[in-house]
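The values are calculated or read from the model by the stated rules, or taken from the named source; none is laboratory data. On a predicted model such as this, the values are computed, not experimentally measured, just so you know. Note that we place each Cβ from the backbone using ideal geometry, even for glycine, and neighbour counts take in every protein chain shown. What goes into the accessible areas is simple: the full protein's heavy atoms, side chains included, and nothing from ligands, DNA or RNA. Shrake-Rupley method; radii C 1.70, N 1.55, O 1.52, S 1.80 Å.
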Amino acid sequence: CYKCLPHFCFRLKDYDMVAPAMPYPHSLSQLLALTLDELKALQGIDLKDPVLCQYSKTIRAYLESDLAELESCIKGASDARVRACGQIRLQIRTRNFDQKFLTEFLSLGWGEKVWKAEAHFLYAMAFETQDHPKVSAEHYYKAYGLFLEVDCERKALRSFFNALVAESRMDPTRMLIHDYLHLAERARKVGELGLSGVAYLNISREYREL
């Protein structure tokens, strides 16, 4: 499940995580920290908040690459932010991008800061998929800062990791050992063991290239 980039820098997808079990989410910040297995465990559970319920199904469909279900979630979403996030996730999965939609994506009415963070994260993913590391790095860093501000450290660290990988793609000769080491330790402390492990793999790769 780890994707090896052309310069052999390991990339961690936003769902390749091993984390401790969490209680049922009561906020978007908590929902975004869940693994796929934890999202599956929510099936049939009343999350009370209809927006959380809609987006949890959207994320799960995306992570399972269930395009029919993802399209169904988009059509059935009553919240414009859920629809927009679902649409960009669908475009990432199909690699069929609507450039007009992407141009307008960040200017939608996102409201809460955590939604703005998620928007920047998905925007970065979209441009990473299109092989634009400079744009993706810029928006992963923006997502990182916003996620930290709303105490969503797991997703913040995933954003930071992806930003480092984008930096490496722009300049494969750049050494990021200190950054990966700092990230690995922070990830380990919050239970993001998959993220920590891949960061250590990238440290090993960089030492081999010294």
Assess whether VAL82 counts as being open to solvent by less than 60 Å² (accessible area, probe 1.4 Å), touching a Phe, Trp or Tyr at 6+ places or on another chain (Cβ under 6 Å) and touching a residue at least 24 places away in the same chain (Cβ under 8 Å). yes
Residues of the stretch 170-191 satisfying the condition of being outside any helix (DSSP H, G or I) and either modelled with pLDDT of 90 or more or of a type outside the set (Lys, Arg) (or both): ASP171, PRO172, THR173, MET175, LEU176, VAL190, GLY191
Answer yes if at least one residue in the stretch 132-146 is over 30 Å from GLU206 (Cβ atoms), open to solvent by less than 40 Å² (accessible area, probe 1.4 Å) and of a type in the set (S, T, N, Q), and no otherwise. no
ILE74 closer than 24 Å to ARG154 by Cβ, assigned to a helix (DSSP H, G or I) and modelled with pLDDT of 95 or more: no
Those residues of the stretch 153-167 which are closer than 16 Å to LYS116 by Cβ and aliphatic (A, V, I, L, M), in sequence order: ALA156
Of all residues in the stretch 169-210 being in contact with a helix residue (DSSP H, G or I) (Cβ under 8 Å, 6 or more places away or on another chain) and hydroxyl-bearing (Ser, Thr, Tyr), the one that is nearest to LEU34 (Cα to Cα): SER196
Would you confirm, using the coordinates I've provided, whether LEU176 is open to solvent by less than 30 Å² (accessible area, probe 1.4 Å) and either within 19 Å of ARG89 (Cα to Cα) or in contact with a Cys (Cβ under 6 Å, 6 or more places away or on another chain) (or both)? no
Which residues, counting only those in the stretch 80-112, are modelled with pLDDT under 95 and under 20 Å from GLN30 (Cα atoms)? TRP110, GLY111, GLU112
Counting only residues that are at negative phi and not in a helix (DSSP H, G or I), how many does the stretch 145-163 have? 2
Could you please tell me which pairs satisfy a Cβ distance under 7 Å, a separation of 6+ or placement on different chains, a first residue in the stretch 22-33 that is under 15 Å from PRO50 (Cβ atoms), and a second residue that is modelled with pLDDT of 90 or more and surrounded by 15 or more Cβ atoms within 10 Å (Cβ to Cβ)? PRO25/LEU31; PRO25/LEU52; LEU28/LEU52; LEU28/VAL114; LEU28/TRP115; LEU31/LEU52; LEU31/TYR55; LEU31/SER56
By residue number, the members of the stretch 25-40 that are surrounded by fewer than 19 Cβ atoms within 10 Å (Cβ to Cβ), polar (S, T, N, Q) and part of a helix (DSSP H, G or I) are GLN30
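Conditions (1) without any contact (Cβ under 8 Å) to a residue 60 or more places away in the chain; (2) open to solvent by less than 40 Å² (accessible area, probe 1.4 Å); (3) in a helix (DSSP H, G or I); (4) under 20 Å from SER29 (Cα atoms), marked per residue:
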site	(1), (2), (3), (4)
VAL165	no, yes, yes, no
SER168	no, yes, yes, no
SER196	yes, yes, yes, no
GLU206	yes, yes, yes, no
LEU210	yes, no, no, no
